[in-house]
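Heads up: the structure comes next, in structure tokens.
The values are calculated or read from the model by the stated rules, or taken from the named source; none is laboratory data. Keep in mind that this is a model prediction, so the values were computed, not measured. Please note: Cβ atoms are built from the backbone with ideal geometry, for glycine as well, and neighbour counts cover all protein chains shown.
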């Protein structure tokens, strides 16, 4: 894969990770780079890279793009002739490999929006590997997964009914209020008393 193709692919993935359901445009990418990294690239420069008219990046540009896309800088070069994607470079970290695998999985399951979103959310997390290991621990702890599902996703369990559900959030009554109360106690904030209506 050529460098320009990689940048286009990463823009596509980035758009999906940001919930746009489309590619991140070059202009959006330039603005996001400036906001998120404090660095500047011009849209015309990015266009030249993607079209192949500028086949090489400066080291500074490579570092900026790698930081923005959260990939190893060594990924942002043309692949050598004979390179096959399944031969992963040893320079790339385990997290990068895992995140790319998760994004690829999300694309394969695009007809299942919830699963796709879950995989993209996991890929976007800074510590994807830790999240998966945590999931393993949850699944191996007897009774923990059903209990978490009951508390965090009541609609999946059928536990939420109109009589015991907070209408504004769809959560069982008491869960949201208790969570807010605990958070307020931890931070030293107290809820203002409600006035009667």
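Please verify whether residue 92 is modelled with pLDDT under 85 and farther than 30 Å from residue 48 by Cα, treating the condition exactly as stated. No: the conditions fail for residue 92. Every test in (1) surrounded by fewer than 12 Cβ atoms within 10 Å (Cβ to Cβ); (2) modelled with pLDDT of 50 or more; (3) over 24 Å from the mean Cα position of the chain (by Cα) is passed by residue 130 save one, and that test is (3). Here residue 117 clears all of (1) in contact with a helix residue (DSSP H, G or I) (Cβ under 9 Å, 6 or more places away or on another chain); (2) loosely packed, with under 13 Cβ neighbours inside 10 Å except the condition numbered (2).
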